[in-house]
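**Q** Got a structure for you, questions after.
The values are calculated or read from the model by the stated rules, or taken from the named source; none is laboratory data. Note that the coordinates shown come from a computational prediction; the quantities given were computed from them, not determined experimentally. FYI the Cβ positions are ideal-geometry reconstructions off the backbone, even for glycines, and counts take in every protein chain you see. Ligands, DNA and RNA are stripped out before the accessible areas are found, and what is left, the full protein with its side chains, is counted by its heavy atoms. Shrake-Rupley method; radii C 1.70, N 1.55, O 1.52, S 1.80 Å.
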Amino acid sequence: MTRKVKVSAPGKVILSGEHAVVYGYPEILSAIDRRLSVEIEETGSDLDIQPIESRPFVEYAVEVIKTKLNVSGLNNLKIRTNSQIPLGCGLGSSAAFSVAITAAFFGFLNLPRSLKKINEIAYEIEKKQHGTPSGGDNTISAYGGFLLYRKETESFKVFSSLKTKVFPQIFLINSGKPEESTGEMIKGVKDFVLKTPQEAEKIFKEMEQITRNFLRFLSGEELNFGDLITINERLLEQLGVVSSKTKLLIQKIESISGSAKISGAGGLKDNSGIVIVYHEDPKVIEKFAHEGNLDLFRVKLGERGFKNEKC
Ligand code: MEV
């Protein structure tokens, strides 16, 4: 019988602290109920990868995994990727891929499933994609739930699973795929930090304050979730990661008493990817999206990290 394994990993949203996290400030992430799966099967032929567009990234990931695990060969594999996570929109599709393929190899090679090791290797794969990521995206995809995450140094990251008392009901609106990659957006913020360090530090510090308020909200304190979202969005706008088009969409949501923010790297030129939307009356948002013909979907927060799937 040929060996076959299938593992899935979740996408994510960032409630607070994206970009600031690259500079050592904390962020809060949640895994969502949209997943990506990787299936590995032994075949008699050469490396067979589907879908074909994923080939360069899969090949690179396999090389990283083989180097890190100190294994050779493994050239006769069939690798299949299947995703419910829109690509390049801030929902952590590449992190979910990095985690799922690494965990699938651990399963395929019958290695003990060390969450820590899988996450470390997934981070190496992520670096190829994004340059200098914080490692938050792969960590939430590996561990799942809600995390408070902080990158102290390149080799030292601290995070804690949050025992959430409230699960805010949010919607996501896809404002469209940004023209820029995550790596380019990180680079844009770096230029801003280098040019105006004091201004950037002020924004990051305010963002840290908001992240703490999100933490208090999630642990059951009475704070206005919508207000936190709005303040967070304003800070991201000041950082220069939200396009005029997306700002307009967010203003419209605010004009019907809702709150919205981008989630993830954002985008400045045209679209900014996924927007988190909150309203005390979800029907108002459903009507708004319907009338504007917008791509709206509801997501569950706090979902499981990577897991085995039936082949
Ligand atoms: C991307 O999902 C989040 C950023 O903060 C980058 C990172 O954490 O690596 C923009």
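**Q** Just wondering, is there one or more residues in region 74-91 that are within 30 Å of E201 (Cα to Cα), open to solvent by less than 10 Å² (accessible area, probe 1.4 Å) and modelled with pLDDT of 95 or more?
**A** Yes: region 74-91 contains one or more residues that are within 30 Å of E201 (Cα to Cα), open to solvent by less than 10 Å² (accessible area, probe 1.4 Å) and modelled with pLDDT of 95 or more.
**Q** Please determine, by comparing only the residues of region 92-138 that are within 16 Å of the ligand (Cβ to nearest atom) and not in a helix (DSSP H, G or I), which one is nearest to E184 (Cα to Cα). It would help to see each step written out before you state the result.
**A** From region 92-138, those within 16 Å of the ligand (Cβ to nearest atom) are 92-99, 119-120, 122-138; that's our starting set.
Next, from what is left, pick out any that are not in a helix (DSSP H, G or I): 92, 131-135.
Working: G92: 16, G131: 9, T132: 10, P133: 11, S134: 14, G135: 16 Å.
The selected residue is G131.
**Q** Among the residues in region 150-157, are any touching a Phe, Trp or Tyr at 6+ places or on another chain (Cβ under 8 Å) and either closer than 16 Å to I14 by Cα or surrounded by 23 or more Cβ atoms within 10 Å (Cβ to Cβ) (or both)? Step through it out loud before you land on a result.
**A** If we filter region 150-157 for residues that are touching a Phe, Trp or Tyr at 6+ places or on another chain (Cβ under 8 Å), which is where we start, we get 150, 157.
With the extra rule that they be either closer than 16 Å to I14 by Cα or surrounded by 23 or more Cβ atoms within 10 Å (Cβ to Cβ) (or both), the set shrinks to 150.
Scanning region 150-157 turns up at least one residue that is touching a Phe, Trp or Tyr at 6+ places or on another chain (Cβ under 8 Å) and either closer than 16 Å to I14 by Cα or surrounded by 23 or more Cβ atoms within 10 Å (Cβ to Cβ) (or both).
**Q** Check off (1) within 16 Å of the ligand (Cβ to nearest atom); (2) part of a loop (DSSP other than H, G, I, E, B); (3) open to solvent by less than 70 Å² (accessible area, probe 1.4 Å) for E179 and give me the number that stays unchecked.
**A** So the condition that E179 fails would be (3).
**Q** Same structure again: Say we look at region 37-47 and pick out the residues that are open to solvent by 10 Å² or more (accessible area, probe 1.4 Å) and of a type outside the set (D, E); which of these is farthest from K202 (Cα to Cα)?
**A** Kept after step one, since they are open to solvent by 10 Å² or more (accessible area, probe 1.4 Å), are these residues of region 37-47: 37, 39, 41-47.
Right, trim to of a type outside the set (D, E) and you get 37, 43-45, 47.
Numbers: S37: 40, T43: 55, G44: 58, S45: 56, L47: 50 Å.
Going through the qualifying residues, I end up with G44.
**Q** Can you tell me which residue is most open to solvent (accessible area, probe 1.4 Å) among those in region 212-249 that are among the small types (G, A, S) and within 28 Å of K163 (Cα to Cα)?
**A** As a first pass, look at region 212-249 and keep what is among the small types (G, A, S): 219-220, 226, 240, 243-244.
Okay, now just the ones that are also within 28 Å of K163 (Cα to Cα), so 219-220, 226.
Numbers: S219: 62, G220: 47, G226: 4 Å².
Per the criteria, the residue is S219.
**Q** Of everything in region 7-24 that's farther than 14 Å from Q84 by Cβ and of a type outside the set (A, V, I, L, M, F, W, C), which residue is most open to solvent (accessible area, probe 1.4 Å)?
**A** Let us first name the residues in region 7-24 that are farther than 14 Å from Q84 by Cβ, namely 7, 13-24.
If we keep only those that are of a type outside the set (A, V, I, L, M, F, W, C) as well, we get 16-19, 23-24.
Details: S16: 0, G17: 0, E18: 5, H19: 13, Y23: 77, G24: 18 Å².
Once the filter is applied, the top-ranked residue is Y23.
**Q** Looking at I203, is it modelled with pLDDT of 95 or more and in contact with a strand residue (DSSP E or B) (Cβ under 6 Å, 6 or more places away or on another chain)? It would help to see each step written out before you state the result.
**A** Working: modelled with pLDDT of 95 or more: yes; in contact with a strand residue (DSSP E or B) (Cβ under 6 Å, 6 or more places away or on another chain): no.
For I203, the condition - modelled with pLDDT of 95 or more and in contact with a strand residue (DSSP E or B) (Cβ under 6 Å, 6 or more places away or on another chain) - is not met.
**Q** Something else: Does V7 count as closer than 17 Å to R304 by Cβ, modelled with pLDDT of 95 or more, β-branched (V, I, T) and not in a loop (DSSP other than H, G, I, E, B)? Don't jump to the end; show me each part of the working.
**A** Details: closer than 17 Å to R304 by Cβ: yes; modelled with pLDDT of 95 or more: yes; β-branched (V, I, T): yes; not in a loop (DSSP other than H, G, I, E, B): yes.
Considered against the rule, which asks whether it is closer than 17 Å to R304 by Cβ, modelled with pLDDT of 95 or more, β-branched (V, I, T) and not in a loop (DSSP other than H, G, I, E, B), V7 comes out as yes.
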